[in-house]
Amino acid sequence: MKFGVKIVISVIAIISIVFSIAGIVIIKSNFKHSFEKTINQSIDSHVLERYGIENNIATNIEKDGNISREKLSSYAISLVSYLGNDKKISIYIENEKIYSNIDIDEESLAFLSKTNDVKYVIKDIEKQKYILVSSSVEINSQRIMLISRYDITDVFTERDRQVQFFYKVDTVVIVISSIVICLLAVFLTRPIRKLNEREDDFRCQIRR
């Protein structure tokens with residue numbers, strides 16, 4: 001393989017590697033930012049929903065200090081009705097399910113029930129991405145836990161779209177770079193090739 005060809009292949013390989021790494025880093029950075037923003041928005045929404053439940057409980061505590069299961073369940077139903085059928089929540093009092101329109105597997109429920117702090121878990125459900133956010137409060141020595149579910153599929157869909165778009169751009173850049181580098185290599189090495197041809201002709205004349 002000629003030295004010039006080796007240089008051309010090496011330059012193309014370097015450009016391809018550098019451009020690909022840069023693209024992957026940018027996509028990962030964009031996805032991380034979007035993902036964290038979506039997580040924070042989901043947590044903020046969850047906290048607001050929990051405050052609403054706390055206020056409802058505070059105004060409906062029974063005379064004996066117990067929390068009315070019926071009124072809390074009615075509140076959850078009205079909340080879901082108001083926010084739309086896409087609103088998914090589960091409410092528990094001392095591990096007793098009061099209301100739920102979410103199917104939660106036992107492993108996720110056990111993780112989300114561990115402490116009163118805000119926790120979340122990402123789940124794949126029917127090719128969609130969801131985040132389950134939970135937190136708990138204690139009212140009259142009774143632990144109330146809220147679990148909210150939010151659809152975050154768009155974040156992952158956008159990442160996949162960027163990856164597919166980058167593959168196309170990467171291919172175009174590599175092809176164009178290869179053509180340009182080859183043309184430059186031919187143009188820049190033309191004087192050298194002419195000089196070699198003259199030397200060959202001169203040697204042939206000497207031999208004659």
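The values are calculated or read from the model by the stated rules, or taken from the named source; none is laboratory data. These numbers come from a predicted model, not from an experiment. Ideal geometry is used to build each Cβ from the backbone, glycine not excepted, and the neighbour counts take in all protein chains shown. Remember, those area values only see protein heavy atoms, side chains included, never the ligands or the DNA or RNA. Shrake-Rupley method; radii C 1.70, N 1.55, O 1.52, S 1.80 Å.
Any residue that is open to solvent by 80 Å² or more (accessible area, probe 1.4 Å), at pLDDT below 95 and in contact with a helix residue (DSSP H, G or I) (Cβ under 9 Å, 6 or more places away or on another chain) - is there at least one of those in segment 97-116?
Among the residues of segment 97-116, not one is open to solvent by 80 Å² or more (accessible area, probe 1.4 Å), at pLDDT below 95 and in contact with a helix residue (DSSP H, G or I) (Cβ under 9 Å, 6 or more places away or on another chain), which makes the answer no.
Residues to consider are VAL25, VAL133, VAL80; find the one that is open to solvent by less than 50 Å² (accessible area, probe 1.4 Å), at negative phi and at pLDDT 90 or above.
Residue meeting the stated conditions: VAL133.
With the checklist (1) closer than 30 Å to SER78 by Cα; (2) at pLDDT 90 or above in hand, flag the one item THR157 doesn't pass.
(1)
Here is a list of conditions, (1) more than 31 Å from the chain's Cα centre (by Cα); (2) surrounded by 15 or more Cβ atoms within 10 Å (Cβ to Cβ); (3) not aromatic (Phe, Trp, Tyr), and ARG50 meets all of them except one; can you say which number that is?
The failed condition is (1).
Yes/no matrix, rows are residues, columns are (1) under 19 Å from SER42 (Cα atoms); (2) assigned to a loop (DSSP other than H, G, I, E, B); (3) in contact with a His (Cβ under 8 Å, 6 or more places away or on another chain); (4) free of Cβ contacts under 8 Å to residues at least 12 places away in the same chain:
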{"residue": "SER108", "(1), (2), (3), (4)": "yes, no, no, no"}
{"residue": "ASP117", "(1), (2), (3), (4)": "yes, yes, no, no"}
{"residue": "ILE122", "(1), (2), (3), (4)": "yes, no, no, no"}
{"residue": "ILE131", "(1), (2), (3), (4)": "yes, no, no, no"}
{"residue": "VAL137", "(1), (2), (3), (4)": "yes, no, no, no"}
{"residue": "ARG143", "(1), (2), (3), (4)": "no, no, no, no"}
{"residue": "SER148", "(1), (2), (3), (4)": "yes, no, yes, no"}
{"residue": "PHE156", "(1), (2), (3), (4)": "yes, no, no, no"}
